[in-house]
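Notes to accompany the following structure.
The values are calculated or read from the model by the stated rules, or taken from the named source; none is laboratory data. It should be emphasised that the depicted structure is a prediction, and the values quoted were computed from it without experimental measurement. Cβ placement follows ideal geometry from the backbone for every residue including glycine, while neighbour counts extend to all protein chains displayed.
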Ligand code: TYD
């Protein structure tokens, strides 16, 4: 039985997802919740090994089909060995990226189509969805400065794809939120880290209330 709460952070590259995920986890812990802070691809030793294969591909690189299968395999391991046990133990799971990244990067920008990626998720992870998915929305200009500072011109196999791919990714996240408003909160990434954190807490408040 599932007793905990599951929040995912999503968005394109350099949106500050990891920072906001950590701040939310800290805040929940200070309010007495047990928290599992995790990320994708990764979160278990098996999924971290797959992360390495995805971000630094050996040989000539993965086809988009193989890439989608590897993300789904990493997620299946992460869900079975980390996320479901934490939820069953009543913990809050805060995850930096989840299924909607596969939908945006592989299904939409990569051209595989949403149906395929959702089927892989049904098969691999029994369709587990977060209670709330927070999309951090930033302008391309704000992000490009942040990315240059972070990556210093060195990006991984997916981060290094062309600008049109990343624009399609960013648009896809916003479209998902329009299609399923009950599952998503779109949060403006503009302003200080504290300002964005405050907006995140407001979005999470209904979930906190739903516990009691
Ligand atoms: P990461 O360094 O975690 O990126 P970021 O800091 O921007 O979150 O690398 C994860 C990369 O993998 C990122 O480019 C997004 C991509 N990705 C997918 O393409 N599909 C997925 O399902 C997931 C989880 C990530």
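Would you confirm, using the coordinates I've provided, whether residue 84 is buried (at least 19 other Cβ atoms within 10 Å of the Cβ) and either away from the ligand (no atom under 15 Å from the Cβ) or in contact (Cβ under 8 Å) with a residue 24 or more places away in the chain (or both)?
no
Going by the structure shown, is residue 162 more than 15 Å from residue 14 (Cβ to Cβ), within 15 Å of the ligand (Cβ to nearest atom) and exposed (fewer than 13 other Cβ atoms within 10 Å of the Cβ)?
For residue 162, the condition - more than 15 Å from residue 14 (Cβ to Cβ), within 15 Å of the ligand (Cβ to nearest atom) and exposed (fewer than 13 other Cβ atoms within 10 Å of the Cβ) - is met.
For the structure I just gave you, tell me whether residue 4 is crowded, with 19+ Cβ neighbours inside 10 Å, more than 16 Å from the ligand (Cβ to nearest atom) and farther than 16 Å from residue 134 by Cα.
Against the criterion (crowded, with 19+ Cβ neighbours inside 10 Å, more than 16 Å from the ligand (Cβ to nearest atom) and farther than 16 Å from residue 134 by Cα), residue 4 qualifies.
Go through region 90-116 residue by residue and tally those that are over 11 Å from the mean Cα position of the chain (by Cα), near the ligand (Cβ under 9 Å from one of its atoms) and surrounded by fewer than 24 Cβ atoms within 10 Å (Cβ to Cβ).
2
On the basis of being within 23 Å of residue 73 (Cβ to Cβ), within 11 Å of the ligand (Cβ to nearest atom), without any contact (Cβ under 8 Å) to a residue 60 or more places away in the chain and not in a loop (DSSP other than H, G, I, E, B), does residue 36 make the cut?
no
Looking at region 53-68 only, could you name the residues that are away from the ligand (no atom under 11 Å from the Cβ) and assigned to a helix (DSSP H, G or I)?
53, 65, 66
Can you spot a residue in region 175-183 that is outside any helix (DSSP H, G or I) and surrounded by 14 or more Cβ atoms within 10 Å (Cβ to Cβ)?
Taking every residue of region 175-183 in turn, at least one turns out to be outside any helix (DSSP H, G or I) and surrounded by 14 or more Cβ atoms within 10 Å (Cβ to Cβ).
On the given criteria, is residue 42 touching a helix residue (DSSP H, G or I) at 6+ places or on another chain (Cβ under 9 Å), near the ligand (Cβ under 10 Å from one of its atoms), touching a residue at least 24 places away in the same chain (Cβ under 8 Å) and in a loop (DSSP other than H, G, I, E, B)?
yes
Quick check on this structure: which one of 169, 186 is away from the ligand (no atom under 15 Å from the Cβ), under 14 Å from the mean Cα position of the chain (by Cα) and either surrounded by fewer than 19 Cβ atoms within 10 Å (Cβ to Cβ) or at pLDDT 95 or above (or both)?
Only one candidate passes the filter, namely 186.
Looking at region 133-158, which of its residues are closer than 18 Å to residue 197 by Cα, touching a helix residue (DSSP H, G or I) at 6+ places or on another chain (Cβ under 9 Å) and surrounded by fewer than 19 Cβ atoms within 10 Å (Cβ to Cβ)?
Across region 133-158, the qualifying residue is only 137.
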